[in-house]
Amino acid sequence: VDNRNIGVALRAQAALEQGDTATAVRLAEQAVENSPGDAGFRRLLGNAYFAAGRFRSAEAAYADALALIPGQPGVPLRLALAQA
């Protein structure tokens, strides 16, 4: 985990929990941009996209997360939901 982006990711998660999907997407995109190899940030980005109704973007983010760390709990299901 890239410690420099934990604060950004936490703010994205908080925005997501508050239903502010626009802010969640913006912050999650920032975390991924700063740490493209972090599977957790990609999963968070997928969750933000999914909540915002951006299912193709969510699908790509989940696929990227699984490519980095296969078998992450819950991610294959979210990927399947985004594809449906």
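The values are calculated or read from the model by the stated rules, or taken from the named source; none is laboratory data. Note that this is a predicted model, so its numbers are computed, not measured. Cβ sites come from the backbone with ideal geometry, for glycine too, and all protein chains shown count toward neighbours. What goes into the accessible areas is simple: the full protein's heavy atoms, side chains included, and nothing from ligands, DNA or RNA. Shrake-Rupley method; radii C 1.70, N 1.55, O 1.52, S 1.80 Å.
The figures follow:
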read-out: Percentage relative contact order, the chain, counting C-alpha pairs under 8 Å, at least six apart; value: 23
read-out: Residue-normalised accessible area of the chain, expressed per residue, 1.4 Å probe, Å²; value: 56
read-out: Computed label-point distance, nm, for sites residue 33 and residue 3 using a 7 Å Cα→Cβ extension; value: 2.4
read-out: The chain: DSSP helices with Cα axial extent of at least 15 Å and average Kyte-Doolittle hydropathy no lower than 0.0; value: 6-17, 39-51, 55-68
read-out: Rounded percent of accessible protein surface that carbon and sulfur make up, the chain, 1.4 Å probe; value: 53
read-out: In the chain, the GluC sites (Glu not before Pro) that fall in loop regions by DSSP, at most 11 other Cβ within 10 Å; value: none
